[in-house]
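Please read the structure below before turning to the comments.
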Amino acid sequence: MGNKRPRQPEISFRIKYDVAREEDLLRRVAEVGWAGLTPAESGRIGGIVSQRMRKQKP
């Protein structure tokens, strides 16, 4: 539990938008917002963001 790394919100925010664009969900986000996505859509985006954040870890 002591190995938590500090969050980097600006990086994860950028990655989140990139993933939404790649998954063809950016238009939907613009229409209904992040809260309007289904749990499946949010989970898919979150999973890909987590993978990319782990890959960027030094």
Residue that is farthest from the chain's Cα centre (by Cα) [pool: residues in the range 8-44 that are within 18 Å of K57 (Cβ to Cβ) and of a type in the set (V, I, T)]: I11
Residue match in the range 32-46 (condition: of a type outside the set (S, T, Y), surrounded by 14 or more Cβ atoms within 10 Å (Cβ to Cβ), in contact with a helix residue (DSSP H, G or I) (Cβ under 7 Å, 6 or more places away or on another chain) and assigned to a helix (DSSP H, G or I)): yes
Enumeration of residues in the range 30-43 that are under 16 Å from R14 (Cα atoms) and either of a type in the set (S, T, Y) or touching a residue at least 12 places away in the same chain (Cβ under 8 Å) (or both): S42
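Laboratory data are not the source of any read-out in this text; all were calculated from the coordinates shown. Note that the structure is a prediction, hence the values are computed from the model and not measured. Here the Cβ is made from the backbone with ideal geometry for all residues, glycine too, and neighbour counts use every protein chain on show.
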